[in-house]
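A.B. asks: Could you have a look at this structure, given as structure tokens, before my questions?
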Amino acid sequence: MRRSGRTGLIVVLPLVLLLASCTEPVVNVEEPEEVDSCEWLVPVGIELVNDYVYTLEEVDLGATRGDPELLPEAIIALNLRGEELDRRVAELGCDAVIINDAIAVATAGIESDDPVIRVFLESVRGGIVAPLLPTQGDWLFRSGTVAGGELAPMPGHAITLNIEQGAASGFAGCNGYYYPVRLANGIWTWAEGAQTITELLCTDDEGEELNDVMNAERTYIRAFELVASYALDGEELVLTGDGVELRYTRSTGD
């Protein structure tokens, strides 16, 4: 669930589970055959929360090892249901915050001793969307290879990456960048939409051009545009493409 500032309603967790034994929801709701109003999106959202909570009781989270490629068809189906809910909110022009709050109130009676389920429910009730994949969030570029050559950020000019649903953006050393993308099952797909790269000149405090920094920035952007897949290697995010490997660590915000 999302709060104001974002309009999505997708509820997603990177899980490995089997839904064959899931026959009853935690909270009984009747989902309408045709969702044609904002009010009807509330029971749809409740049912989605039900399914996640129920299946979390059966899942072995350790089996994923943080690797989105291990996600089975069942969880992908749940993710698609969340995307459909998100799409309907946008199409109907609904207030996402109101719908979030209604879903949170309706599922307030669900309780669990499982710490993972508790965290999930707290996210839902707090209006915070759980990550679509463990790759979401803020990352700091550490190292890479491009066509056999080494690539690293220049001192004092960090390269950052933020992955959200539908977009990858960041700071390439001097300039900002924004690209629409889709991530699913380890595949990084460039999506339709406006790509943005600012065109500021890199200079030092005395106004001298920093050619090394600008060259490194251009190399990074060219490499980034070749990315075609992603994976987690321990605590590192690894983006790969034709002759390209880019490695990131979680950003602490410092």
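A.B. asks: What full-extension length gain, to one decimal in nm, is calculated for THR145 and ASP95 as 0.36 nm per residue of separation minus the Cα-Cα distance?
C.D. replies: 13.5 nm
A.B. asks: Could you pull out every residue, at least 5 positions away or on a different chain, whose amide H is within less than 5 Å of the one on CYS202? Hs are placed 1.01 Å off N in the peptide plane, and Pro or chain starts have none.
C.D. replies: Amide H neighbours of CYS202: LEU210.
A.B. asks: Further question: Find how much the distance from ALA77 to GLU206 grows on full extension, using 0.36 nm per residue of separation minus their present alpha carbon separation; answer in nm with one decimal.
C.D. replies: Gain on extension, ALA77 to GLU206, equals 40.9 nm.
A.B. asks: With no solvent and one point per C-alpha, what does the Debye sum give as log10 I(q)/I(0) for the stretch 137-250 at q = 0.22 Å⁻¹?
C.D. replies: Debye intensities relative to I(0), on a log10 scale: -1.31.
A.B. asks: Follow-up. Taking a quarter of the surface of the Cα convex hull of the stretch 192-254, what do you get in nm²?
C.D. replies: Averaged projected area of the stretch 192-254's Cα convex hull equals 6.5 nm².
A short reminder: the numbers here are calculations on the coordinates, not readings from a lab. Worth saying up front: this structure is predicted, and the values here are computed from it rather than measured.
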